[in-house]
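The values are calculated or read from the model by the stated rules, or taken from the named source; none is laboratory data. Only a predicted model underlies this, so the values are computations on that prediction, with no experimental measurement involved. When we count neighbours, we look across all protein chains shown, and the Cβ atoms used for this are built from the backbone with ideal geometry, even at glycine.
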Amino acid sequence: MGWVQLNFDGASRGNPGPTGIGCCLHDEGWRELARVAKPIGFESNNKAEILALIEGLLLFQNRGICKLAIEGDLAIIINGLKKGSLSDWKLNALLSRALGLLKDFKKTTFNHIYREGNSRANELANAGVDGLFIS
């Protein structure tokens, strides 16, 4: 009871290339509570993923949510959340920012899912690559 799910994704057409982020929040009944899509310029796909995660965590601010389930389709990022660091040192500052935002929650879980299970976040990320802003 009381869990909210965050799905996040980053899309890059080329690596690096034009990039967008997408994230969405769902309640236990899978009703979409919030969503974001936006372009972020010319970046790598890994950086886009972390920026999408941070954007999703920012959606939670001031909503009184205590239990958060996070799902993403890039295992590197999910494993980095679990370990507290990434093998790509250039992304660790962004990961630290995400981990700092997680301190506001009483319970969190991190799950790697396949792209098929992350279709809404992927759709939003690709909308961001196309230059769309959705909120």
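Quick look at the numbers
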{"read-out": "Residue pairs meeting the criteria (Cβ under 6 Å; at least 6 apart or on separate chains; first closer than 19 Å to residue 75 by Cα, in the stretch 110-135; second surrounded by 14 or more Cβ atoms within 10 Å (Cβ to Cβ) and of a type in the set (Phe, Trp, Tyr))", "value": "121/8"}
{"read-out": "Criterion violated by residue 4 - all others in (1) under 21 Å from residue 103 (Cα atoms); (2) under 13 Å from the mean Cα position of the chain (by Cα); (3) among the β-branched types (Val, Ile, Thr) satisfied", "value": "(2)"}
{"read-out": "Subset of the stretch 11-35 [surrounded by 23 or more Cβ atoms within 10 Å (Cβ to Cβ) and more than 14 Å from residue 71 (Cβ to Cβ)]", "value": "11, 19, 20, 21"}
{"read-out": "Filter result for residue 88 (more than 14 Å from the chain's Cα centre (by Cα) and acidic (Asp, Glu))", "value": "yes"}
{"read-out": "Checking residue 68 against (1) among the aliphatic types (A, V, I, L, M); (2) touching a helix residue (DSSP H, G or I) at 6+ places or on another chain (Cβ under 7 Å); (3) farther than 19 Å from residue 46 by Cα, the condition it does not meet", "value": "(2)"}
{"read-out": "Residue in the stretch 109-135 that is nearest to residue 7 (Cα to Cα), counting only those that are charged (D, E, K, R) and assigned to a helix (DSSP H, G or I)", "value": "120"}
{"read-out": "Count of residues meeting criterion [surrounded by 13 or more Cβ atoms within 10 Å (Cβ to Cβ) and either modelled with pLDDT of 95 or more or outside any helix (DSSP H, G or I) (or both)] in the stretch 97-108", "value": "6"}
